[in-house]
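What follows is a short report on a single structure.
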Amino acid sequence: MTAVDPTVDPDREAMGGADPDRLVEIDDFLGDPDAHGPRGLPRTIIGWLTTTDHKALGIAYIVTSMVFLGIGGALAGVIRAELAEPGLQLVSVETYNSVFTIHGSVMVYLFAVPFGFGMANYLLPLQIGAPDLAFPRLNAFSYWLYLIGGAVMLLGFVADGGAASFGWFAYPPLSGAAGTPGIGADMWIVSIILTGTSGTLTAVNVIATVTMMRTPGMTLFRMPILTWNMFITSFMVLVAFPVLSGALLMLLADRQFGTHFFDPVDGGSPILWQHLFWFFGHPEVYIVALPFFGVVTEIFPVFSRRPVFGYKGLVLATLAIGALSTSVWAHHMFATGDLVLPFFAATSLLIGVPTGVKIFNWIGTMWDGSLSFEAPMKFAIGFLVTFVAGGVTGIMLASPTLDFHLTDSYFVVAHFHYVMGGTVIFAMFAAIYFWWPKVTGRLLSEKLGTWHFWLLMAGFNVTFFVQHLLGRAGMPRRVPDYRPIENFELWNKISSFGFLILVASMVPFLINVVRSLRSPATVGADPWHANSLEWATFSPPADHNFTWLPPIRSERPVFDLRWINFEGVGAPTSADAWEARHDHDEQWLPLHQWSDEEEQKRTTGPRPIERTSEGQSSDEDRADGDRGDDGEEIT
Amino acid sequence: MTSRSPLAPPITDQADDIDRVWDVFLYLALGVLAFVVVLVVYVVIRFRRRDDRLPQQKHYNIPLEIAYTVVPFVLVVGLFAITVVTVNAIDDTDTDPDLTVHVTAFQWQWEFEYPESGVRIIGGADTDAPELVLPADSSVLFELESLDVIHSFWITAFRFKRDIIPGTVTEFSVDMSDDAAGEYPNAGVCAEYCGLDHALMRFSVRVLEPAEFDAWLVEQANDQEVAG
Ligand code: HEM
Ligand SMILES: [Cu+2]
Ligand SMILES: [Cu+2]
C-alpha cells in the first residue's frame with residue numbers, strides 16, 4: 001500500500017468525524033514487535049501436538065481443511081474424467097459411487113465447515129480483543145476429534161467393500177445394512193458423528209468467547225461482522241448438529257444392533273430420516289456460508305475505504321437467515337409429495353429476502369467508495385457475482401412447481417456448486433489473501449493473485465454453468481454414465497475441460513504461497529489499512545495477541561485510530577471494563593452505540609469494579625446469578 | 001426450447017403449466033443476475049480509486065435499506081402466488097382417471113402394470129429400457145410402489161418426478177395433452193440414487209392416440225394370456 005495523503009472533503013459530518021490531517025500508522029503505536037517474547041506458530045512437533053493456542057489451532061484447522069479440499073478436488077477430478085464421455089472408462093460403478101459420496105462428504109463435512117471453524121479460531125479472539133477462545137483445551141480437543149473423524153472417513157477406501165457409497169445424505173433403506181453392507185459405511189457414520197461433535201464443541205466455545213471475552217468497549221454492535229456471523233453460525237450449529245448426530249446414531253443402531261428406526265419392512269420410516277437429515281442439512285448450508293459472508297463483509301469496507309453499509313440491517317438479515325433456515329428443510333423433499341408444499345415453498349422463497357439484502361449491503365459499501373482491487377477484493381467481488389448466480393437458481397428450486405423437474409438432476413448440482421463455490425471457494429481465497437500478511441507477516445504477489453483469480457473465474461464457470469443445461473435437459477445426478485446424445489456429450493466435455501482450468505488455477509496460487517513463505521517476514525501490523533482489532537497487533541500477532549489496544553468507539557477501532565482524533569481518549573482502562581460489563585449486565589442485547597453523552601457518564605459515573613485475581617467481582621449490589629460473566633481468566 | 005435440445009417436449013397439461021412458470025422464473029432470475037452484475041461492473045468502474053482522498057463515510061440510508069428489503073419481498077410474494085396456484089393444480093390427484101398405471105420400482109428396473117386389463121410390462125435383466133405406453137388426451141393416475149429402496153419416477157416430458165418410498169404407495173396424476181402422441185426414447189429416469197446400477201434405470205415413453213392405445217392394450221392382454 002502506498003502512503004496516504006488525504007486532502008479530504010471538508011464536510012466532516014459526511015466523513016464520520018474523520019480528520020483529514022491525521023493519519024497514523026498502527027506500527028507507530030506498537031513499537032518493536034520482538035520486544036514481547038516469541039511470536040508465531042509452534043516450531044516443534046510436540047509443540048503442535050500440545051498447543052492450545054487459538055492461532056496455532058486455527059492454522060491447523062485451515063491447513064487440514066485445505067488438504068481435504070485437495071482430496072475432495074482430486075475425487076472431483078475422477079468424477080469429471082469419468083463423465084467426459086458416456087459409457088464407463090475410468091472406474092467401476094462401485095468406485096464411482098464411493099467417489100461422489102466421499103467427494104460430497106469431504107467437501108461439506110471435512111472442508112467447508114472446518115475451514116470456517118479455523119477462521120473462527122484464528123480471527124475471532126483477535127477481532128474482539130481477547131487473548132484466546134474461552135476454553136482453549138476444549139478447542140484443542142475439537143481439533144483432534146475433527147482430524148480423527150476425517151481420517152476415519154478416508155480410511156473407508158481401504159476397508160472391506162470400499163468407502164460409503166450412498167451419497168452424502170445417506171437415505172435409508174439404501175444406507176441400511178442390507179442396502180449397503182460393508183464396514184466403510186459404518187466408518188462414514190462414525191466419522192460424521194466425530195466431526196459433528198467437534199463442531200458442536202467449537203460452537204459452544206465461540207458462543208462463550210463472544211459473550212464473555214469481548215474487550216472493554218466492544219459492545220455486540222461494535223463487533224466485526226465476521227465475528228457476528230461466527231456467533232450466529234454457532235447457534236445454528238447447536239440447533240442442527242446434535243440432530244444429525246442423533247439421526248446418525250439411530251442409523252448406526254439400525255445397521256449394527258437390529259433396531260428399525262428407518263427400516264420400512266419392520267415399521268420404520270425412511271421419511272423420518274429425511275426430515276432429521278435435512279433439519280440439519282439446510283441450516284448446514286448457511287453454517288457453511290455465513291462465515292464467508294463475514295469474510296467479504298470485512299474485505300469490501302477495507303478496499304472501498306468505507307464503513308459497512310447498513311451494519312445493523314446486515315446483522316438483522318443474518319439473524320433472519322439463521323431463524324428461517326430452521327424452517328425450510330423440507331424443500332429438499334418436495335418430490336416426496338408428503339408435505340405441506342406451500343409452507344416450505346414460502347419459507348424457502350422468503351429466505352431469499354435477507355440474502356438479497358446482504359447483496360445490496362455489499363454493493364452499498366462499495367458505492368461512493370474509493371475502490372482498489374488487490375487480490376482479496378478481486379476474490380470478494382468474484383464471490384458476489386458467483387453467489388448471486390447460485391442464489392437465483394435457488395429461488396427457482398424453492399418453487400415446488402419447478403423443483404419437481406429439477407431436483408436430483410444436474411441443475412441442482414450446478415446450483416449448489418455456485419452457492420458453495422461462491423462462498424467456500426471465492427470467499428475462502430479472499431480470506432486467505434486478506435489475512436495472509438497478518439498470519440505470516442509476509443505478502444503474496446498481486447500478479448500471481450491476478451492469474452489465480454481469472455483462471456479460477458473461468459474454470460469455475462466453464463465447469464458448472466453447463467450443468468444447469470444438463471439438468472434441465474434430464475441428466476440425473478449420481479450417474480457414472482449417461483445417454484450418448486450429442487448435447488449431453490458436448491456439455492459434459494465442456495464441464496470436464498473446465499475442471500482442467502480449475503486445476504491450472506491452483507498453480508499460481510501454490511507458487512505464490514511457496515514463494516511468500518520463503519521470503520522474510522517484514523510486513524507491519526496493518527498493511528491494508530484495515531478496520532478491525534486484529535490489525536492492531538503485530539503480524540504475526542504476539543503471544544496472547546495484544547500488547548496494546550486502541551480505544552473502541554465504533555465497529556472500526558483501527559480506522560478510528562488512524563483517522564479520528566478523540567480528545568482525551570486513550571487505550572481501554574478499567575473504566576472501560578466497567579462500561580462493557582455494565583452493558584453486558586443491563587441488556588441481553590446491548591443495542592446502543594456509545595454517544596457523547598454516555599461518554600460523559602462513563603468518566604463521571606460510579607467507580608469501576610476491580611477484578612480480583614480469582615475473577616470474582618467485588619460489587620455486592622449485583623444479583624448473584626449475574627456472576628457468571630467473569631468466567632476464567634485465560635492468560 | 002429448440003429442436004436440438006435433448007429435453008423432450010412437454011406432453012401433459014401440467015407440463016405446459018410448469019414450462020410457463022419456468023419461463024417466468026427464468027427471466028426473473030436472469031434479470032436479477034444481470035441487474036446485480038451490471039451494478040457491480042458500474043461500481044467497479046465508477047468508484048475505482050483515483051486519488052488518495054478518503055471517500056464519504058455515511059454508512060446507512062434508511063429509505064434505501066427499506067426499499068431493497070421491500071422490493072425483493074414483493075417479488076418473492078409474487079413468485080409464491082404463482083407457485084401456489086400451479087402447485088395445487090399439479091398436485092391434485094384425479095380420483096376418477098381414464099387410466100390407472102401401477103408402477104413398481106426395484107433395484108434396478110421398472111414394472112408397469114395396467115390393473116384394469118391386467119397387462120404388465122417388466123424391464124429385463126438386460127439393460128434394455130422398458131417402454132411405458134400411454135394414451136394421448138386422457139387423464140392417467142400413477143400409483144408408485146418400491147420393493148426395496150427409494151427410487152424416483154421422473155418423466156422429463158412431464159417436467160415432474162415423484163419419489164417412490166418403500167412401505168407406502170405414492171401417487172400422482174396427469175392429463176395427457178391431445179397432441180402428445182409420439183415416441184420419447186429414454187424420457188423416463190430413476191432420479192433418486194438407488195445403488196449400483198441407478199444410472200441404468202431408464203425407460204422409454206410412447207404415447208398413442210386413445211383408439212390405438214385401446215387396441216394396443218387388448219393386443220397385449222391377449223399376448224400375455226397366451227404366454228402366461
Ligand atoms: C473442485 C471443483 C469441484 C468439482 C469439479 C466438483 C464436481 C462435482 C460433480 C460433477 C458432482 C456430481 C457427482 C454426481 O452426481 O455424480 C459433485 C457432487 C457434489 N459436490 Fe462437488 N465439485 C467441486 C467442488 C465442490 C465443493 C467445493 C463442494 C462443497 C463445499 C462440493 C460439494 C459437492 C456435493 C455435496 C456433492 C453431492 C455429492 C452427492 O451427490 O452425494 N463440490 N461435485
Ligand atoms: Cu436446503
Ligand atoms: Cu435410482
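The values are calculated or read from the model by the stated rules, or taken from the named source; none is laboratory data. These numbers come from a predicted model, not from an experiment. Glycine also receives a Cβ, built like all others from the backbone with ideal geometry; neighbour counts cover every protein chain displayed.
In the stretch B:19-32 there is no residue matching the filter, namely being at the interface with another protein chain (Cβ under 7 Å from one of its Cβ atoms) and assigned to a loop (DSSP other than H, G, I, E, B).
Filtered by the rule that a residue be more than 18 Å from B:Thr93 (Cβ to Cβ) and either without any contact (Cβ under 8 Å) to a residue 40 or more places away in the chain or within 19 Å of the chain's Cα centre (by Cα) (or both), the stretch B:122-134 gives B:Ile122, B:Gly124, B:Ala125, B:Asp126, B:Asp128, B:Glu131, B:Leu132, B:Val133. Here B:Ala89 meets the list (1) more than 7 Å from chain A (Cβ to nearest Cβ); (2) part of a loop (DSSP other than H, G, I, E, B); (3) at pLDDT below 85 almost entirely, failing just condition (2). Of all residues in the stretch A:291-337, those satisfying the criterion of being over 24 Å from A:Phe235 (Cα atoms), within 12 Å of another protein chain (Cβ to nearest Cβ) and more than 16 Å from ligand 1 (Cβ to nearest atom) are A:Phe300, A:Pro301, A:Phe303, A:Ser304, A:Arg305, A:Arg306, A:Pro307, A:Phe309, A:Phe334, A:Thr336, A:Gly337.
Scanning the stretch A:328-346 for residues that are over 21 Å from the mean Cα position of the chain (by Cα) and not aliphatic (A, V, I, L, M) turns up A:His331, A:His332, A:Phe334, A:Thr336, A:Gly337, A:Asp338, A:Pro342, A:Phe343, A:Phe344. Filter the stretch A:38-67 down to the residues that are buried (at least 17 other Cβ atoms within 10 Å of the Cβ) and of a type in the set (Lys, Arg), then identify the one that is nearest to the chain's Cα centre (by Cα). Restricting to residues being buried (at least 17 other Cβ atoms within 10 Å of the Cβ) and of a type in the set (Lys, Arg), the top hit is A:Lys55.
For the stretch B:137-171, the tally of residues that are at negative phi and either within 11 Å of ligand 3 (Cβ to nearest atom) or within 7 Å of chain A (Cβ to nearest Cβ) (or both) stands at 17. All of A:Phe292, A:Phe262, A:Phe279 fail the test of being in contact (Cβ under 8 Å) with a residue 40 or more places away in the chain, part of a loop (DSSP other than H, G, I, E, B) and not polar (S, T, N, Q), apart from A:Phe262.
For the stretch A:95-135, a residue qualifies if it is within 16 Å of ligand 2 (Cβ to nearest atom) and within 14 Å of another protein chain (Cβ to nearest Cβ), and exactly one does: A:Gly104. Scanning the stretch A:507-533 for residues that are under 23 Å from the mean Cα position of the chain (by Cα) and without any contact (Cβ under 8 Å) to a residue 24 or more places away in the chain gives a single hit, A:Leu510. Flag set for B:Leu75, criterion: within 14 Å of another protein chain (Cβ to nearest Cβ), outside any loop (DSSP other than H, G, I, E, B) and either out of contact with any strand residue (DSSP E or B) (no Cβ under 7 Å at 6 or more places or on another chain) or among the small types (Gly, Ala, Ser) (or both). Scanning the stretch B:33-72 for residues that are of a type in the set (Phe, Trp, Tyr) and within 7 Å of chain A (Cβ to nearest Cβ) gives B:Phe47, B:Tyr60, B:Tyr68. A residue that is in a helix (DSSP H, G or I), facing chain B (nearest Cβ under 10 Å), β-branched (Val, Ile, Thr) and in contact (Cβ under 8 Å) with a residue 60 or more places away in the chain occurs somewhere in the stretch A:388-400.
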